[in-house]
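Have a look at the structure below, then the notes.
The values are calculated or read from the model by the stated rules, or taken from the named source; none is laboratory data. The structure displayed is predicted, hence computed values, not measured ones. Backbone-built Cβ (ideal geometry, glycine too); neighbour counts: all protein chains shown. All accessible areas refer to the heavy atoms of the entire protein, side chains included, with ligands and DNA or RNA removed. Shrake-Rupley method; radii C 1.70, N 1.55, O 1.52, S 1.80 Å.
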Protein chains: 2
Amino acid sequence: MAQPNALNDDVLPSVGVVYNTEVNSHFITVDTHYECPERILRTWELLTEADLVPKLRKIPIRPAHKEEILLVHGEDHWEATQSIKEADIEGTADYYNRLSLYINHDTPDAALLSCGGAIEACKAVATGTVKRAIAVIRPPGHHAEPDQSMGFCFFNNVAVATRVVQQQTDVKRILILDWDVHHGNGTQKAFEDDPSVLYISIHRFGDEFYPGTPYGGMRSTGEGEGKFYSVNIPWPGGGMGDAEYLHAFQNIVMPIAMEFSPHMVIISAGFDAAVNDPLGGCNVTPTGYAHMTHMLAGLAGGRLVVVLEGGYNVDSIAKSMVAVTRVVLGEAPPELEPMVANEEATETVWLVAKWQSKFWKSVKPQEVIPREDFDPESTVTITDILKQYRYNYLCTQGMLLVPLLDDKMESRYGTQVMCSKNLLVQKTVIFFMHEFGNIQSELQSALTCDLNIERTYLIESSRAIINWAKEEGYGLLDVNLFPKFVSGIKPSKLTKDILVYLYDNYIQLSDVENLILIGHGGACQAILGLILERWPVMEGTLRGVVNVSWLNIPTMSADASDEQLKWYKQHSLVAVPSSHPLVLSGKALKKKKFGKILPVDHTESRSAKLMETAMPNIKDFIADMLDKKIS
Amino acid sequence: MAQPNALNDDVLPSVGVVYNTEVNSHFITVDTHYECPERILRTWELLTEADLVPKLRKIPIRPAHKEEILLVHGEDHWEATQSIKEADIEGTADYYNRLSLYINHDTPDAALLSCGGAIEACKAVATGTVKRAIAVIRPPGHHAEPDQSMGFCFFNNVAVATRVVQQQTDVKRILILDWDVHHGNGTQKAFEDDPSVLYISIHRFGDEFYPGTPYGGMRSTGEGEGKFYSVNIPWPGGGMGDAEYLHAFQNIVMPIAMEFSPHMVIISAGFDAAVNDPLGGCNVTPTGYAHMTHMLAGLAGGRLVVVLEGGYNVDSIAKSMVAVTRVVLGEAPPELEPMVANEEATETVWLVAKWQSKFWKSVKPQEVIPREDFDPESTVTITDILKQYRYNYLCTQGMLLVPLLDDKMESRYGTQVMCSKNLLVQKTVIFFMHEFGNIQSELQSALTCDLNIERTYLIESSRAIINWAKEEGYGLLDVNLFPKFVSGIKPSKLTKDILVYLYDNYIQLSDVENLILIGHGGACQAILGLILERWPVMEGTLRGVVNVSWLNIPTMSADASDEQLKWYKQHSLVAVPSSHPLVLSGKALKKKKFGKILPVDHTESRSAKLMETAMPNIKDFIADMLDKKIS
């Protein structure tokens, strides 16, 4: 692509603006609706106050033509929007729910004007009339699907403008970056199978956040030739601010955008992720938007159009738009404080990168080649290798294999249940439930998924328990409830079955007088299930419960009686990281269902050192519980 | 930090420039030196031709004061540079080598002027007199250490300016981004233990590339409180261009810079990584420099100073500086073609990120917690687990443990040498040397180094060979020469020793008539060593050699005779990826020392499927070699 025609800056401003209050004929009087005329009125007011309007070149608005609309929308959709019925208008408050759509007599004209405004802004940039442009228009467009108005949107302004530009100018490869807090379902759908348009959206997703379908998920990436030309970055919740958005920009948006190399960038600029928006629940500041704009302004030789979409706090929209416009005019974005993205966002971005790395070479990490791609004979799962290792190790510790009579159990847990000699005649027995332990590791390079074998090790947290039980002369029943998925078997049911089976056959029938249950990692929750399942018989011998868990704090079920909850609180030790959200918020320490929490400080990665650090407390606790019994 | 004072753009340009030809009194007539007056003359000429000079506000140059110089340099250094001796000047051509330093009578004045120019440019931005500035000055500064002139540099212009700004203005936290192709050893040293200055350098490193010390390596990251406030991104070789530099910016420079949040950014702008530079060997285009400038211009509220350092193609410097200046003036950087960084750069950036992630939370991947941080009892290396697994597996295949008589060998290879029954009476024997096989894996999250156990598997490439040998009824001697490091033992010596030991005791003494050697991965090279070591006795029975290797193509040593080379070429099959550089260049196919190359196409990661894909060819080749003998 050639650069846009050089302009003489002294003659006319090189940044365009589309704004016209005629679009405000679309409004509602029945009730105050979020998508209201004040959204653009206040924006224009603030642009004027900031003295930015004189620096902008006015681009006239006009209604979109039918043939333009039809580049994206179907004939039926065109007809439906042109022939709005009196009954629909009268019933608007009932017919549509308050957060979806309203219509009045002028809605068709306003929607066409808004769309025409987007077209003119984009064409002005694509033809080089201006270098960049902003379009302060409404109603918005990104939810409008080819055949359906929805979510305050009638025509997909940005999608239509994109098609018009592609059809009428040399600008063919277009990036649409949608930072509206909602997924732009309509825009993604319009370019679903089209590799000439890269659609990237950052939005909240899940918990029925609008539009509430699976379409905006990270694995929804387009189809056919357009596969991977839709990039969804779905926040799992609210609270995302500048740090999180810029992290997504640095790790996904900009690398993919540079690999794509657009001829023009259009921002679907909703400001409902802005601080104080009543719907978004996020915290992006005007400065954050300015930085995102600055990054995008580096693409496509600077051909950038900012088109307003959603945003429902009138002041937030206006302030954000002013900050964005300053950058569009060439100012540097204001300074940001030092910042780091939160864990949820970091994780989301990482997962998106892993998925997109199948196609976009600039994003990391890579996803592993599915094992199914290999000759089945030539690979072995690490699970099988670890099972064998554990079995051998426990044999060398003098432990014995516990036979499992049920076929399903045998295929899942065979060799993974072991006990000390003479278990049945021991007075004090430790029933220890755990997983393999974490494997700490790095990959060998950025380019493959080969593990760095020399820097890889298993944290065998269970050894500490096994050695200690041996030293103390306690009986030990050890079960490795290793990770979740075994095809065709529902793991939770089987986990409970095996624990009950082991309890009934190897503990209840034994001479045990003092029983201690210890859980580690994913096995902790299962312990609480076992207690409730066998409470009446267990109560007389059970002296204490130790749980060591880093992700989910095990929770007594709502079925537990007050007596059971009280018992659990008094006879448990639940080691969790002091940085766990439920510990930080104080909730974990208050509620009985969490047991007696021991917050463990550790600066290292969350799971790795928890058992090692908590071990002295665990030993003291168990000694205490056993003493209590004796005294 | 507050924003710089708003300026009235109509009155004076908001971008400053320092330029004065007085600094050109430092020159040499003895010979044409790279660091010549034309460097800035041509730059100014091109800035003028591009009509950019009228848009810049001239900032007067002046000599740096002694007290300013002493903020960075020692008193002795000051004295040495002020009292240059006649003898030094006369002997300049001999005394310094051509690429290091030259001096004339005016050198002290020129060096002080250059430094004073950098100071004034930085102060003008720090105080808000201008928003941004460029300093077109020489001699450069970034090699000048606190106590030593070197590498064309006398005073460290940027370091001194940084200290002056910190001392005299509110601007305290400063990022110095050094994109000169050489490491700015002087600048890093000046702020070695100072966390108020973040020094990031992208440069070539190794192979004695100037300055040629380990100081610019990726693990050289500052000391004391300044630890991790030096970030070195060391390219392992030349050929790096826009894609590679921008990849480093996206993955290291910008995330760390935003986490640091500078009050001002200074670019140590050498242009010797530019296309056509006679020293750099890299390919950064003016557009690439423009993009880097644009990214940095988003930081620190736009407070940006560009200070010329090296660069030795006069036209390249000038064109690059024009492109940078356009962006400094607020223009968008020109469009870039779609691009992806090369593998070497991707790998370098990944390694730097892994190292820096110990401190900077915004960069990934994380480095694994050293195993030594754990109680030794509570971890097991994956190597030990895999050894056990292999041993068990081969036992189930009916193979027998081969005892190793030497203690060192036993501790390193014990349980890892196995043979089929009746090895000593077999006519055809396969001697198979390999490693564990690759483990394909992903981490479980972006936040820890916990392996995703459910998505991890070992590619057991050796099974195919073992099963095939069994089916064919051949004898098999199998040795797992697993990865490199065993503390205190030099692996190559031991590897050779064990192969010779095994050959002498289990093959030479047997009834073997047809011997086939097969190597996989890192074990391949060792095979060639064994052949040369036992050539006279081996020649009569050795029928063929198969090597399967993805990184290094095994190479016959220079000691090999013509006869041996010829034999190897005729009796070998060396399976390597068709994408291997030596295959692509054609070299591997031509030279006898590489044997008979079989390029294997595979779209997947480099090592994973090589053996699986090559297996049919391997079987055919061996059948052929054995037939030849018989016929």
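Within segment B:76-91, the set of residues being in contact with a helix residue (DSSP H, G or I) (Cβ under 9 Å, 6 or more places away or on another chain) and loosely packed, with under 14 Cβ neighbours inside 10 Å comprises B:82, B:83, B:87. Going by the structure shown, is residue A:53 more than 22 Å from residue A:161 (Cβ to Cβ) and either among the acidic types (Asp, Glu) or open to solvent by less than 40 Å² (accessible area, probe 1.4 Å) (or both)? Yes.
Which members of segment A:129-142 meet the condition of being open to solvent by less than 10 Å² (accessible area, probe 1.4 Å) and in a loop (DSSP other than H, G, I, E, B)? The answer is A:130, A:137, A:138, A:139, A:140, A:141, A:142.
Scanning segment A:342-365 for residues that are within 17 Å of the chain's Cα centre (by Cα), under 30 Å from residue B:304 (Cα atoms) and facing chain B (nearest Cβ under 7 Å) yields a count of 1. Would you tally the residues in segment A:570-591 being over 26 Å from the mean Cα position of the chain (by Cα) and surrounded by fewer than 17 Cβ atoms within 10 Å (Cβ to Cβ)? Going through segment A:570-591 one residue at a time, the tally reaches 4.
Taken over segment A:238-290, the criterion of being over 23 Å from residue A:196 (Cβ atoms), of a type in the set (A, V, I, L, M) and not in a strand (DSSP E or B) is satisfied by A:240, A:243, A:246, A:248, A:273, A:275, A:279, A:290. Would you mind stating whether residue B:538 is in the same structural domain as residue B:608 (by TED's automatic domain parsing), open to solvent by less than 30 Å² (accessible area, probe 1.4 Å), free of Cβ contacts under 8 Å to residues at least 40 places away in the same chain and within 22 Å of residue B:511 (Cα to Cα)? For residue B:538, the condition - in the same structural domain as residue B:608 (by TED's automatic domain parsing), open to solvent by less than 30 Å² (accessible area, probe 1.4 Å), free of Cβ contacts under 8 Å to residues at least 40 places away in the same chain and within 22 Å of residue B:511 (Cα to Cα) - is met. Within segment A:1-20, if we keep just the residues that are modelled with pLDDT of 95 or more and either part of a helix (DSSP H, G or I) or of a type in the set (A, V, I, L, M) (or both), the residue that is nearest to residue A:110 (Cα to Cα) turns out to be A:18. If you go through segment B:307-326 and keep only what is touching a Leu at 6+ places or on another chain (Cβ under 9 Å) and of a type in the set (A, V, I, L, M), you end up with B:314, B:317, B:318, B:321, B:322.
Against the test of being open to solvent by 20 Å² or more (accessible area, probe 1.4 Å), within 12 Å of chain A (Cβ to nearest Cβ) and farther than 30 Å from residue A:357 by Cβ, the options B:422, B:452, B:467 yield a single qualifying residue, B:467. Here segment B:392-409 is the region considered, the condition is being assigned to a helix (DSSP H, G or I) and under 24 Å from residue B:493 (Cα atoms), and the residue that is farthest from the other protein chains (Cβ to nearest Cβ) is B:407. If only residues of segment A:26-43 that are open to solvent by 30 Å² or more (accessible area, probe 1.4 Å) and in contact with a Ser or Thr (Cβ under 8 Å, 6 or more places away or on another chain) are counted, the one that is nearest to residue A:111 (Cα to Cα) is A:28. Taking the conditions exactly as written (over 27 Å from residue A:468 (Cα atoms), more than 10 Å from chain B (Cβ to nearest Cβ) and touching a strand residue (DSSP E or B) at 6+ places or on another chain (Cβ under 6 Å)), does residue A:412 satisfy them or not? Spelling it out, residue A:412 is indeed over 27 Å from residue A:468 (Cα atoms), more than 10 Å from chain B (Cβ to nearest Cβ) and touching a strand residue (DSSP E or B) at 6+ places or on another chain (Cβ under 6 Å).
If you check A:118, A:124, A:111, A:161 for being out of contact with any helix residue (DSSP H, G or I) (no Cβ under 7 Å at 6 or more places or on another chain) and either open to solvent by 10 Å² or more (accessible area, probe 1.4 Å) or in a helix (DSSP H, G or I) (or both), only one passes: A:124.
Scan segment B:143-156 residue by residue and report those that are assigned to a loop (DSSP other than H, G, I, E, B) and aliphatic (A, V, I, L, M). B:144 - this is the single residue of segment B:143-156 that is assigned to a loop (DSSP other than H, G, I, E, B) and aliphatic (A, V, I, L, M). For segment A:455-464: of the residues being assigned to a helix (DSSP H, G or I) and at the interface with another protein chain (Cβ under 7 Å from one of its Cβ atoms), which is most open to solvent (accessible area, probe 1.4 Å)? So, considering only residues that are assigned to a helix (DSSP H, G or I) and at the interface with another protein chain (Cβ under 7 Å from one of its Cβ atoms), the one most open to solvent (accessible area, probe 1.4 Å) is A:455.
Here is the figure for segment B:366-387: residues that are more than 7 Å from chain A (Cβ to nearest Cβ) and not in a helix (DSSP H, G or I) total 2. Evaluated against (1) under 39 Å from the mean Cα position of the chain (by Cα); (2) over 28 Å from residue B:492 (Cα atoms); (3) touching a residue at least 60 places away in the same chain (Cβ under 8 Å), residue B:442 falls short on exactly one condition, (3). Once segment B:298-313 is narrowed to residues that are farther than 17 Å from residue B:184 by Cα and surrounded by fewer than 24 Cβ atoms within 10 Å (Cβ to Cβ), the residue that is farthest from the other protein chains (Cβ to nearest Cβ) is B:313.
A count restricted to segment B:316-356 and to residues that are open to solvent by 10 Å² or more (accessible area, probe 1.4 Å), not in a helix (DSSP H, G or I) and either not small (Gly, Ala, Ser) or not assigned by TED's automatic domain parsing to the domain that holds residue B:269 (or both) stands at 10.
Scanning segment B:206-265 for residues that are among the β-branched types (Val, Ile, Thr) and open to solvent by less than 10 Å² (accessible area, probe 1.4 Å) turns up B:221, B:231, B:233, B:252, B:253, B:256, B:265. Any residue in segment A:619-628 that is of a type outside the set (S, T, N, Q), touching a Leu at 6+ places or on another chain (Cβ under 7 Å), at pLDDT 90 or above and over 24 Å from residue B:374 (Cα atoms)? No, because not a single residue in segment A:619-628 is of a type outside the set (S, T, N, Q), touching a Leu at 6+ places or on another chain (Cβ under 7 Å), at pLDDT 90 or above and over 24 Å from residue B:374 (Cα atoms). Count, please, the residues in segment A:579-612 that happen to be under 25 Å from residue A:466 (Cβ atoms) and at pLDDT below 90. Number of matching residues: 10.
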